[in-house]
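Some notes on the structure that comes next.
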Amino acid sequence: MFPPGSDDASLAACPSAGLIASFPIAITFASEITNRPLVCTAAAGSADLTQRQLFVYAALLAMEKLRFTRPLPWTNESLWAWFAGLRPRLSIRTSGGASCGPCSPGNAQLNLALPSDRPINWHNIINFLGGLAHEARHIEVGNHVCGVRDRRVADMHAFGVHNSVYTWVADYVADGIVTQADREAARIWACQQRNSAFCDDRCSPTSSLWLGAAKNSSDRLESTAMAPPVGGLRPAGT
């Protein structure tokens, strides 16, 4: 289901104990995650972390590394500065959909599910960060506006931000951060999501997203689409 290996070995490095202790985002993990075998240990100078715990920390640290050649369409800040500025708490479980609840500024909790271990690489991290940005955007704009969907990407509601993370990775990420395959996967996710998560938006045959995705065979699409890029359609308010 997930691509093996890591295209950037530093992504999977165990963080220091000091970094974990001072991490600006509060994260709690379900016991089904914390009770699994450790991949990092306090005895080795890190913290006791299982693979899924390390994945979440790695994804957030990777968010700080992302740089784009044009500003994000919903904020003038970097992706990390915007996200960290909202100060959400994260609750990581093994089942259930993604949600934001409670979801008020200054008191928001983002609930996400990691049902299985994910290799720590940019492909999987980008997919995860899209959903994370989606839930964080609910703090600022509230519920979906078209049932369980949003209307247009350009409105920059939760799915619009989710979609824009993928589009910006596909087209505007600074050189030397992700691979071309990562860009292509993000482009496919953005196009698929535009056709499923919006009431009034579609991935047009004349758009750069569609043209990029069309270069890939259906077999490649199956192999690169780690998970449904819509992030799971959910009731309004989640």
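Values in this text are rule-based calculations from the coordinates and carry no lab data. Predicted, not measured: the structure shown is a model, and the values here were computed from it. Virtual Cβ from ideal backbone geometry, glycine too; neighbours counted across all protein chains shown.
List the relative contact order of the stretch 10-224 as a percent without decimals, with contacts defined as Cα pairs under 8 Å and 6+ residues apart.
16
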Can you tell me how much longer the chain between R70 and T34 gets when fully stretched, taken as 0.36 nm per residue apart minus their C-alpha distance, in nm with one decimal? 9.1 nm
Arrange the following residues from fewest to most other Cβ atoms within 10 Å of their Cβ: E135, E140. E140, E135
Cα-centre dipole for the stretch 10-224 with unit charges at Cβ (Lys and Arg positive, Asp and Glu negative), debye to 20: 100
